[in-house]
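What follows is one structure encoded as structure tokens, with my remarks underneath.
What follows draws every value from the coordinates through simple rules; no lab data is involved. Because the structure is predicted, anything quoted here is derived from the model rather than measured. Positions of Cβ are generated from backbone atoms using ideal geometry, with glycine treated the same way; all protein chains shown enter the neighbour counts.
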Amino acid sequence: TNNNTLFKLAILADVHSDYPNLEKALDKTKSMGISKVFFLGDYTKLGLIEDLTAAKKIMDSYDIKYYSLAGDHDLWKSVGYDNFFEVFGAKKQSVTIEDVKFVFLDNGANYTVVDSENIEWFKKEVVDADFVVLSQPLYYPKLSKYMGKVNGEDVTAVM
């Protein structure tokens, strides 16, 4: 271990209801002595309550502190955040680990504008943030997949 290491964390995403592999990833995380996980979306294929609940049950069964963002697949069935929030809770999250601040911007609904309430909250939180954590890549002209590209079409208001 490097003496300059403040902490270790794992970043996971895109399980798409493959729970055996989620468990393998969490087993590997624990075996590496990592006790914190950022999950960046798509626990499920379709965002069904029973699938989200199954994913949360697995996450809760490990002695690992985790922070979750919704991915676009997690929002599919409820056409929004309802199912995800029912299972995982609120969407505004900031966490400080060993004096390093992470701000989570919940932009899983990559086809819609982030609402003004969340933008205002984010503007306040990001001022002293060290890292921003999000589930969808922000617009950049050289990327082929980003927030605001829906079915191959650019949605300018979202971009």
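Couple of notes before you dig in:
- ³J(HN,Hα), Karplus 6.51/-1.76/1.60, whole Hz, each residue of the stretch 11-25, x for Gly, Pro: 10, 10, 6, 6, 6, 6, 6, 8, 5, x, 6, 4, 5, 4, 5
- Environment charge at Asn83 (Cβ cut-off 11 Å; Lys +1, Arg +1, Asp -1, Glu -1): -4
- Amide H contacts of Ile97 (H built 1.01 Å from N, under 5 Å, at least 5 apart or other chain): Phe102
- Remark: the stretch 79-94, residue by residue, has Karplus-estimated 3J(HN,Hα) of 6, x, 8, 3, 5, 4, 5, 4, 8, 9, x, 4, 9, 8, 9, 10 Hz, where x stands for each Gly or Pro and the curve is 6.51 cos²θ - 1.76 cosθ + 1.60 at θ = phi - 60°.
- From the C-alpha gyration tensor of the stretch 8-159, square roots of 5λ in Å: 24, 20, 14
- Take every pair of alpha-carbon atoms less than 8 Å apart whose residues are at least six positions apart; their mean separation over the length of the chain yields a relative contact order of 18 percent.
- Put simply, when 9-21, 95-107, 133-145 are sorted by average Cβ atoms within 10 angstrom per residue, most first, you get 95-107, 9-21, 133-145.
- Neighbours of Ser17 by Cβ distance under 15 Å: Lys/Arg scored +1, Asp/Glu scored -1, total -3.
- Amide H contacts for Leu12 (H built 1.01 Å from N in the peptide plane; partners 5 or more residues away or on another chain; cut-off under 5 Å): Phe38, Phe39, Leu40.
- Separation in nanometres of the label points that stand 7 Å from Cα toward Cβ, at Lys145 and Tyr19: 2.5
- Remark on Gln136: its backbone amide H falls under 5 Å from those of Asn107, a criterion applied only to residues 5 or more positions apart or on other chains, H modelled at 1.01 Å from N.
- Each peptide in 112-123, 76-87, 35-46 receives the mean, over its residues, of other Cβ atoms within 10 Å, and ordering these scores from highest gives 35-46, 76-87, 112-123.
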